[in-house]
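Notes follow once the structure below has been shown.
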Amino acid sequence: MEVTVPVVAGAASTVTFVASTLPMLVKAGRTRDLGSYSFGNIGLANAGNAVHSIYVFSLPPGPVWVLHSFYVLSTALMLVWYLRYERFGMDPRKGEPTTSNWKPPNSPDRSGRAVAIDSRTSGRSSEARCASALAHSSTTNTVSGCSSFTPTS
């Protein structure tokens, strides 16, 4: 492959686009919180990448192949993570439901929905989390993980 201005520009833009996407992937993989992503958007991105692959891989090898391959892999990974953590609500490291879709039994709030405490994603102390959850709960000590907490007035 001859090094020309377009090839250098393609390589530079590939590095830029990859660098802009990596923080999203790292955060999604680390937190497993994909609730802010749309299943429709992730699904359409994967479908678009599949169709666009026909065009991209008909071109001579170059930076666009690298960039498109990265997009194909990253959107596929986001789809797998979305299905695993948001649609099916399972945390494979712990073998338990994730808190974004799971609500503990017997802990209703005012609306009848369950209240969940997730110490993995909150920077607040357990006392602050329990006090906040109990303040929004219609009955005392019905919040999962807060049974030993006594609120102070």
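Read the figures in this text as sums done on the coordinates, not as results from a lab. This structure is a prediction, so every number in the text was calculated from the model and none was measured. Using ideal geometry, Cβ is built from the backbone for each residue, glycine included, and neighbour counts are taken over all protein chains shown.
Each label point is 7 Å from the Cα along the Cα-to-Cβ direction; what then is the distance between the points at V3 and L25, in nm?
With each label placed 7 Å out from Cα toward Cβ, I get 2.6 nm.
How do the peptides 63-76, 41-54 rank, highest first, by the average count of neighbouring beta carbon atoms within 10 Å per residue?
Result, highest mean Cβ count within 10 Å first: 63-76, 41-54.
Whole-Hz Karplus ³J(HN,Hα) for segment 35-42, in order, using 6.51 cos²θ - 1.76 cosθ + 1.60 and θ = phi - 60°, x for Gly and Pro?
Each residue's phi maps through the Karplus curve to give x, 7, 9, 9, 4, x, 5, 5 Hz.
If each residue of separation counts as 0.36 nm, what is the full-extension length gain between S38 and A76 once their alpha-carbon separation is subtracted?
Length difference between fully extended and current span is 12.3 nm.
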